[in-house]
Each structure stands twice: as structure tokens, then as C-alpha cells.
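The values are calculated or read from the model by the stated rules, or taken from the named source; none is laboratory data. It should be emphasised that the depicted structure is a prediction, and the values quoted were computed from it without experimental measurement. When we count neighbours, we look across all protein chains shown, and the Cβ atoms used for this are built from the backbone with ideal geometry, even at glycine. What goes into the accessible areas is simple: the full protein's heavy atoms, side chains included, and nothing from ligands, DNA or RNA. Shrake-Rupley method; radii C 1.70, N 1.55, O 1.52, S 1.80 Å.
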Amino acid sequence: KLTSYDLISSAMTKEKDKALVFFELNGKYDLTLSLVSAGKGWKIEKKIFGKPELYNGESDTHKQVAILLSKNENSNAYDLLKKYSAIYPDSPDLKYYWGLYHSLNKNSGKSKKSFIDAIEIDPDFTEAKYNYAFLLHTENKISDAKELYYEILEVDENEPKTLNNLASILIDENKLAEAKELLERCLKEVPDFEVAMQNLERIK
């Protein structure tokens with residue numbers, strides 16, 4: 001419960017389009033607000049439960065978590081995710097990595113929720129959207145998966161995994177010409193994409 005706050009410091013970029021404002025809450029908690037210019041005023045871009053110097057460290061936290069997940073060091077990844085999520089509660093990347101963590105631990109429900117949280121914070125987060133669509137696809141929720149795949153292609157029209165997965169659905173729906181066109185675009189981007197080559201063989 002917030003009972004008092006003190007403004008400790010603030011700083012603005014040279015272009016005057018971004019700012020950091022540092023508060024102390026209840027005489028003991030640190031809170032930094034990252035602000036972006038919005039017309040005649042400002043809006044909060046993100047909250048950081050800590051000092052302003054943590055602002056520039058967020059990308060390093062993502063790298064640390066990604067490395068641990070890639071090595072299947074799930075226990076260590078969990079510890080870092082829990083620690084950093086308390087500091088960066090609005091980070092779509094950390095929500096995304098929670099989704100990957102839960103996927104690796106076969107918890108589809110929590111994984112989908114984490115991907116949805118990432119997408120709600122950043123609607124153009126195509127990798128989070130892809131992973132969410134892929135889970136829906138594997139659960140045979142084809143209509144919802146297709147809708148998301150098309151949304152991804154609106155942002156990144158040549159995203160290979162999306163082109164391949166959408167083509168696979170279209171082959172099952174006997175929409176072979178459209179599927180072939182998507183697969184050819186996919187293989188133009190990644191010529192050795194084996195699954196896409198197999199899907200092209202399915203059409204032939």
C-alpha cells in the first residue's frame with residue numbers, strides 16, 4: 001500500500017522524447033518510471049522496481065535467460081525469470097521467456113497465458129504470436145491458429161516458420177495453389193528448410 005513517495009531524480013533525453021523519473025515509495029522501495037512523449041504530455045512506457053541504472057540492463061537479462069533456456073537449464077532459468085520479472089513487470093520479452101519455460105515443462109496452459117501477456121504488451125511481437133499460434137495448431141484449434149499466422153505475415157510477410165505452418169494447414173484444406181505459393185516463399189528465404197521441402201512434396 002502506497003502511503004508516501006519522494007521524487008529523487010529525473011532525466012530527459014537530448015531529443016526530449018524520453019525520460020526517467022526515480023521515486024522512493026514508503027521511505028524504502030525504489031521505483032523508476034520510463035516515460036515517452038505523447039503529444040503535449042507523457043505516458044508511462046514501463047515500470048522498473050529499482051534504480052534508474054537498471055533501465056539499460058534489461059536487454060542483458062533477456063540474454064541470460066535465453067542462454068539458460070537454450071541449454072535446458074530450467075531451474076536456473078526459473079530463478080532468473082522470477083527475479084527479473086519482479087524488477088521488470090512490463091517486459092514483453094520476459095513474458096515470452098516464461099512462455100518458453102512453461103513449454104519446455106509441458107505446461108501448455110501457462111505457456112499460452114504467458115505468450116498472450118507478451119502479445120498484449122507488444123501487439124507486434126511476432127515470435128510470441130508465432131509460439132502461441134503453434135500451440136493452438138498442435139491442439140488442433142486450426143481456425144485460431146490460422147488467424148494468428150495471417151496476422152504475423154501482415155507484419156513479416158516472409159517469416160519462414162509461419163509460411164510453412166500456414167501452408168501445412170492449407171494443404172489439409174486442399175488449398176494447394178495457395179499452399180504452394182507460401183512454401184516457395186518460405187524456401188526462397190530458407191532454401192534448406194527440410195519440413196517445408198517435405199510439405200512441397202506432399203503437394204506434388
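Summary of values
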{"quantity": "Segments classed as helices (runs of 4 or more DSSP H), wholly inside segment 1-117, with at least 2 members that are farther than 30 Å from residue 144 by Cα", "calculated": "58-70, 74-87"}
{"quantity": "Residue among 114, 91, 108 that is open to solvent by less than 60 Å² (accessible area, probe 1.4 Å), touching a residue at least 40 places away in the same chain (Cβ under 8 Å) and touching a helix residue (DSSP H, G or I) at 6+ places or on another chain (Cβ under 8 Å)", "calculated": "91"}
{"quantity": "Positions within segment 43-94 being farther than 21 Å from residue 119 by Cβ and of a type in the set (D, E, K, R), in sequence order", "calculated": "51, 53, 60, 63, 71, 73, 79, 82, 83"}
{"quantity": "Residue tally, condition within 17 Å of residue 89 (Cβ to Cβ) and under 27 Å from the mean Cα position of the chain (by Cα), over segment 12-43", "calculated": "10"}
{"quantity": "Where a residue in segment 182-204 is farther than 15 Å from residue 159 by Cβ and its partner, wherever it lies, is of a type in the set (Lys, Arg) and not in a loop (DSSP other than H, G, I, E, B), with Cβ under 8 Å and at least six apart", "calculated": "200/180; 203/180"}
{"quantity": "Residues of segment 161-186 that turn out to be open to solvent by 30 Å² or more (accessible area, probe 1.4 Å) and either more than 22 Å from residue 139 (Cα to Cα) or in a helix (DSSP H, G or I) (or both), as a count", "calculated": "9"}
{"quantity": "Sole residue being surrounded by 16 or more Cβ atoms within 10 Å (Cβ to Cβ), on the phi < 0 side of the Ramachandran plot and free of Cβ contacts under 8 Å to residues at least 60 places away in the same chain, chosen from 34, 59, 9", "calculated": "34"}
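To keep it simple, each residue is scored yes or no on (1) among the acidic types (Asp, Glu); (2) at pLDDT below 95; (3) under 17 Å from the mean Cα position of the chain (by Cα); (4) closer than 25 Å to residue 32 by Cα.
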residue: 84; (1), (2), (3), (4): no, no, yes, yes
residue: 95; (1), (2), (3), (4): no, no, yes, yes
residue: 98; (1), (2), (3), (4): no, no, yes, yes
residue: 113; (1), (2), (3), (4): no, no, yes, no
residue: 131; (1), (2), (3), (4): no, no, yes, no
residue: 136; (1), (2), (3), (4): no, no, yes, no
residue: 154; (1), (2), (3), (4): yes, yes, yes, no
